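S.K.: Can you keep this structure in mind? I'll have questions shortly.
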Amino acid sequence: MLFRSHQLSGGSVICDDSTQIISEKKAEYIKEHFAGMRIVIFYKYIGELTILKKHFPLATNSPEDFQAGKSDTFISQICSGREGIALHSADCIVMYAIDFAAVSYFQSKARIQELNRNKPAQLYWMFFKGSIERKIYAAVNSKKDFTLSYFNRNGGFC
């Protein structure tokens, strides 16, 4: 139940070994509100990547191509892109989804930080109203892994 709720908050869900797209609202919002900016988008589930590729067909998953200006949009799975790459040419990071581990948040934000930046690195979260994402964020923000036991101790997501 926890993982399906988390998947749904990203607009997709895995049913019978196939991914079903439920909503593309997050990708539509990003495309509209971050137009003209160099953005990094981190997602969690494969269905989210499918949605993002549809709305950002010219995006790259190569940090080198992004840094070289070959694309204004870099898209990566959170765990794959959170460490060891430089994305400091970005205007901001948009977290399409949130991971259950605090390290993902801190490491992802560090990808666009650099001493010589002209303006501060910005990080934006995409949460559906009433979704499980805010509870996960609260746990992540307080540097806790969002485990099932923590989830249950804090009243679930209803």
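S.K.: Output the direction-averaged projected area (hull surface divided by four) of the convex hull of the alpha-carbon atoms of the range 17-124, in nm².
M.R.: Numbers: hull surface 28.2 nm².
Approximately 7.1 nm², given one-decimal rounding.
S.K.: Which lysines have a Cα lying under 28 Å from the Cα of residue 119, excluding residues fewer than 8 positions away in the same chain?
M.R.: Partners within reach: 26, 31, 44, 70, 109, 143.
S.K.: Percent of accessible area on the range 29-121 owned by carbon and sulfur, 1.4 Å probe? Please report the intermediate quantities before stating the final value.
M.R.: Working: 2320 of 4520 Å².
Whole-percent figure for carbon plus sulfur exposure: 51.
S.K.: On to the next question. How would 46, 39, 14, 85 rank on accessible area, largest to smallest, probe 1.4 Å?
M.R.: Details: 46 130, 39 5, 14 80, 85 35 Å².
Most to least solvent-accessible, the answer reads 46, 14, 85, 39.
S.K.: Please compute the modelled spin-label separation between residue 68 and residue 33, points set 7 Å along Cα→Cβ, answer in nm with one decimal.
M.R.: Those two pseudo-labels are separated by 3.3 nm.
S.K.: On to the next question. Can you work out the FRET efficiency for the pair residue 58 and residue 22, with r the C-beta to C-beta distance and R0 = 22 Å, to the nearest 0.05? Could you put the intermediate results ahead of the total?
M.R.: On the way: r = 25 Å, r/R0 = 1.13.
That pair, residue 58 with residue 22, gives E of 0.35.
S.K.: Give the accessible surface of the range 10-137 per residue, rounded to a whole number of Å², with probe radius 1.4 Å and ligands, DNA and RNA excluded.
M.R.: Details: 6600 Å² over 128 residues.
Each residue of the range 10-137 exposes 52 Å² on average to a 1.4 Å probe.
The values are calculated or read from the model by the stated rules, or taken from the named source; none is laboratory data. All values reported here derive from a predicted model rather than from experimental measurement. All Cβ positions, glycine included, derive from the backbone under ideal geometry; neighbour counts span all protein chains shown. Protein only, heavy atoms only, side chains kept; ligands, DNA and RNA dropped before computing areas. Shrake-Rupley method; radii C 1.70, N 1.55, O 1.52, S 1.80 Å.
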